[in-house]
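Novice: Let me give you the structure first, and then I'll get to my questions.
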Amino acid sequence: MFKLPNTPSPQADTRELADFAELLCWLRGSTSAREIVACLGRVDDNDSNVGCTDDDDENAETLDEVMNEIERRATACGSGYPFRLEMAGSVLRLIDDAQDVSPSIIYLYLLLSTRLNMKDNRVHAELDGTKLMELLSAHALKNYLGTTRAKTVVFGTALADTFENKVNGLCSELGEGSGFRNLDGTLTQANDDKLDTVGWIPFSDRLPGQLIVFGQCKTGSNWRDTTTQLQPETFIKRWMQVPILVNPIRMFFIAEASDRARWKGDNVSAGILFDRCRLVDWCDGMKTDDIKKWTLAAKMTLKL
C-alpha cells in the first residue's frame, strides 16, 4: 500500500493514485495528469512495447479512472471536497480557502491519516492523530443519528481513564448494563477492547431498550482485516453485569476513501461503513482547531 514519504508503486490501485494526485495538488496548488505521470516515473518508452498496448494509452486509461474516482469523491463529500477538476477533468486544483473551511480541512486530515504511517508518525503539533479520529467519528455519528436528543461518547484511547471506569461510565450514561464485570475475573489488560465510540437515542423514561451504536475507528489503510473485531454481544457479555436489552448495531469509521467495488462486502463485515467521504458529509458543526493544527503540522513534513 502507498505510504508517505514514498510514491505509489507500479501496482498501485486507483484509490492510491487518487490520494497521490490530491496530495500533489495540495502541496502545489494544482496538478495535471501529465505531472502525475511524470512524478510516478511512468514515462513513454515504446521500444519495449512492440505489439503491445502503447504506454501513453495505458497512462491515459489509468488517469481517466483516477479522475473518475476524484469526481466520485467530490460528489460524495458534498461541499466539503477541497479540490475541483478543471479543463475537462485533466487538471486538479486546490480550492483557495480549503485549509480554512471545516469540512475541507477534515478531508485533508483524513487524507494524511490514511497515507502517513499512523503507528510511528501519528503525533504532530503535540496532538495524536488517532485520537482526533475518535472525536471526529463520535461527532459524525451524533449528526447521523439525526436528532438533538442523540448522545455520543468517546470510549477509546482519546478518553483518558481506566477501562473499568469507562465501562461504568458508559453503563451509567446508557441506563443499561448495570456496571463493569470482568467475566474471567483475571487482570484486565483491555484499554477499549476495540470499542472507540458509542452513540444512542435515549427516551425520557430512561428505561432500557433503545437504539445504540457501537463504533470502531481506524486510520491508515490496513483496516479490512479488523472489520469483525468489534462484536457488541461479546463486549457486553465480557464486560457488563447484565445484558443490554436490544443488541447495539455496529459502525466502522475509516480515514480511507473506500473501494466501491468492495462496498457491499465491507458493510456486511464491518457494519455501517463511514469512510472518508461519509465522515466529511456528516461533519457539520465539528470544531476543527486541533484537526487543523495536526494537519498543517503534518503537511510540513511532506516532500513529493
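Novice: Which residue, of ASP56, ASP19, ASP47, is part of a helix (DSSP H, G or I), acidic (Asp, Glu) and modelled with pLDDT of 85 or more?
Specialist: ASP19
Novice: Looking at the stretch 8-39 only, could you name the residues that are crowded, with 18+ Cβ neighbours inside 10 Å, touching a residue at least 60 places away in the same chain (Cβ under 8 Å) and more than 19 Å from the chain's Cα centre (by Cα)?
Specialist: LEU24, CYS25, THR31, SER32
Novice: Still on this structure, I have one more. Tell me which of these GLU134 doesn't satisfy, since it passes every other one: (1) in contact with a Ser or Thr (Cβ under 8 Å, 6 or more places away or on another chain); (2) at pLDDT 85 or above; (3) surrounded by fewer than 22 Cβ atoms within 10 Å (Cβ to Cβ); (4) not hydroxyl-bearing (Ser, Thr, Tyr).
Specialist: Answer for GLU134: the failing condition is (3).
Novice: Only one of (1) open to solvent by less than 50 Å² (accessible area, probe 1.4 Å); (2) at pLDDT 95 or above; (3) not polar (S, T, N, Q) fails for ALA125. Which number is that?
Specialist: Failed condition: (1).
Novice: Taking the stretch 149-164 only, how many residues are within 13 Å of ALA190 (Cα to Cα), charged (D, E, K, R) and either assigned to a loop (DSSP other than H, G, I, E, B) or open to solvent by less than 40 Å² (accessible area, probe 1.4 Å) (or both)?
Specialist: Result for the stretch 149-164: 1.
Novice: Also, quick follow-up: Can you tell me which of ARG276, ARG238, ARG262, ARG250 is open to solvent by less than 40 Å² (accessible area, probe 1.4 Å) and of a type in the set (Lys, Arg)?
Specialist: None of the others qualify; the one that does is ARG276.
Novice: Here are ASN222, ASN191: which of them is assigned to a loop (DSSP other than H, G, I, E, B), open to solvent by 80 Å² or more (accessible area, probe 1.4 Å), out of contact with any Leu (no Cβ under 8 Å at 6 or more places or on another chain) and within 23 Å of GLY129 (Cβ to Cβ)?
Specialist: Going through ASN222, ASN191 in turn, the sole match is ASN222.
Novice: Just the residues that are surrounded by 17 or more Cβ atoms within 10 Å (Cβ to Cβ) and among the β-branched types (Val, Ile, Thr), please, taken from the stretch 84-122.
Specialist: Residues satisfying the conditions are VAL91, ILE105, ILE106, THR114.
One line per residue, one yes/no per condition, for (1) in a loop (DSSP other than H, G, I, E, B); (2) in contact with a Cys (Cβ under 8 Å, 6 or more places away or on another chain):
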{"position": "ALA88", "(1), (2)": "yes, no"}
{"position": "ILE106", "(1), (2)": "no, yes"}
{"position": "TYR109", "(1), (2)": "no, no"}
{"position": "SER113", "(1), (2)": "no, no"}
{"position": "LYS119", "(1), (2)": "yes, no"}
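Novice: Which of the residues belonging to the stretch 136-180 are in contact with a helix residue (DSSP H, G or I) (Cβ under 8 Å, 6 or more places away or on another chain) and aliphatic (A, V, I, L, M)?
Specialist: Once the filter is applied, which keeps residues that are in contact with a helix residue (DSSP H, G or I) (Cβ under 8 Å, 6 or more places away or on another chain) and aliphatic (A, V, I, L, M), the stretch 136-180 yields LEU136, ALA140, ALA150, VAL153, VAL154, ALA158, LEU159, VAL167.
Novice: Just for the stretch 253-281: of the residues that are among the acidic types (Asp, Glu) and part of a helix (DSSP H, G or I), which one is farthest from MET133 (Cα to Cα)?
Specialist: Taking the candidates together, the pick is ASP266.
Novice: Counting only residues that are part of a helix (DSSP H, G or I) and either open to solvent by less than 90 Å² (accessible area, probe 1.4 Å) or on the phi > 0 side of the Ramachandran plot (or both), how many does the stretch 60-78 have?
Specialist: The number of residues fulfilling the criteria is 13.
The values are calculated or read from the model by the stated rules, or taken from the named source; none is laboratory data. These numbers come from a predicted model, not from an experiment. Because the Cβ atoms are built from the backbone with ideal geometry, glycine has one as well, and the counts that use them run over all protein chains shown. Please note that ligands, DNA and RNA were not included when accessible areas were found on the heavy atoms of the full protein model with its side chains. Shrake-Rupley method; radii C 1.70, N 1.55, O 1.52, S 1.80 Å.
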